[in-house]
Amino acid sequence: MVWFILAHIFRILVAVISVSRLSDLEKDLEILLLRHQLAILQRKTNKPVKPNQIEKLTLAILTAKLQQVTQRPSNQLHNFIRIFQPETVLRWHRELVRRKWSFIHKSQGGRPRIHQELEELIIRLAQENPRWGYGKIQGEILKLDSKVSQTTIRNIFERNNIQPALVRSGSIGWRTLINHYKDQIQACDFFTGETIQLQTLYVFFFIELGSRQVYFASITANPNETWVTQQARQLVWDLSDRDKPLRFFIHGNDGCFCQAFDAVSESEGLHVINTPVRAPNAN
């Protein structure tokens, strides 16, 4: 199967090189000749054509690329796609995108659980100090020459039904924060788009919740901590002359949003708040 795929790709590359060497007149004559032969086959053949998966992949990518270049809707591609309906071929491309996202990756394992004594200590610190958050508890554990991440502390909280510090200390709830302070809140997030070659691009943006003003940051195929931190610095420079200052900055729990990223907002006097875990509607 692998050799068949490689041979198919090699044939396509050879065809592309051969076509690129033809003159415009030769290409026009070849297109007319191929169209005429297809018309003959359509009249003579009554059975539906059943392409294999590799042929579907090739037709889907070429059709999507043709639609992107010509900017034509699918109902105007009948002059180029004769054997199948254009909507069918474009549906194959959408299925390829869905399969990419639904592919189940083999688990590579994870971190081992911490010792029971350390977990019990974290629970005790949280219960006796309702204003201590993940970072504060992490610092106290570090004083005892033990290392534990904030993510681990958060997972311990979830397993033992312990609320975050803002809730345990009686602070304002999430709904109250959004409703009463929305004009002073800025948030950030990603959304994704797929290219013709099934490459995922990440679009990073900021939004002011009160005015719904969106600030486009940038696009990348590989977002990381350094990249998002630079986008935050750029936004701070652009908003340095803002009349009404912001007070809160909200973002999700993605690993890209590191301490350096939060430090950019905190340097402008913003209080950084992570969205609740497993609550996508909160962002």
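The values are calculated or read from the model by the stated rules, or taken from the named source; none is laboratory data. Quantities reported herein were computed from a predicted structural model and do not represent experimental measurements. Here the Cβ positions follow ideal geometry from the backbone for every residue, glycine too, while neighbour counts run over all protein chains shown. What goes into the accessible areas is simple: the full protein's heavy atoms, side chains included, and nothing from ligands, DNA or RNA. Shrake-Rupley method; radii C 1.70, N 1.55, O 1.52, S 1.80 Å.
Results, tabulated for the structure shown:
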{"read-out": "Residue order for VAL214, VAL277, VAL69 - accessible surface, 1.4 angstrom probe, largest first", "value": "VAL69, VAL214, VAL277"}
{"read-out": "Shape call, segment 141-235: gyration tensor on alpha carbons, a/c limit 1.5", "value": "oblate"}
{"read-out": "Extension gain (nm, one decimal) between VAL277 and HIS115, 0.36 nm per residue minus Cα-Cα", "value": "55.9 nm"}
{"read-out": "Surface share of carbon and sulfur [accessible, 1.4 angstrom probe, percent] for segment 149-254", "value": "48"}
{"read-out": "Extension gain, GLN234 back to LYS147 (0.36 nm per residue minus Cα-Cα distance, nm)", "value": "27.9 nm"}
{"read-out": "Counted charge near PHE205, where neighbours are those whose Cβ lies closer than 15 Å (Asp, Glu -1; Lys, Arg +1)", "value": "-3"}
{"read-out": "Peptide ranges 189-195, 225-231 listed from the most packed, as the mean C-beta count within 10 angstrom indicates", "value": "225-231, 189-195"}
{"read-out": "Which of ARG98, ARG242, ARG278 is most accessible, then next, and so on - probe 1.4 Å", "value": "ARG278, ARG98, ARG242"}
{"read-out": "Two-site label geometry, ILE178 and ARG21: point separation in nm, points 7 Å out along Cα→Cβ", "value": "6.2"}
{"read-out": "Heavy-atom accessible area per residue - segment 232-283, 1.4 Å, Å²", "value": "63"}
{"read-out": "5 angstrom amide H check on ILE250, placed H, neighbours 5+ away", "value": "GLN186, ALA187, CYS188, ILE273"}
{"read-out": "Proximal charge balance of PHE249 [Cβ under 11 Å; K/R count +1, D/E count -1]", "value": "-3"}
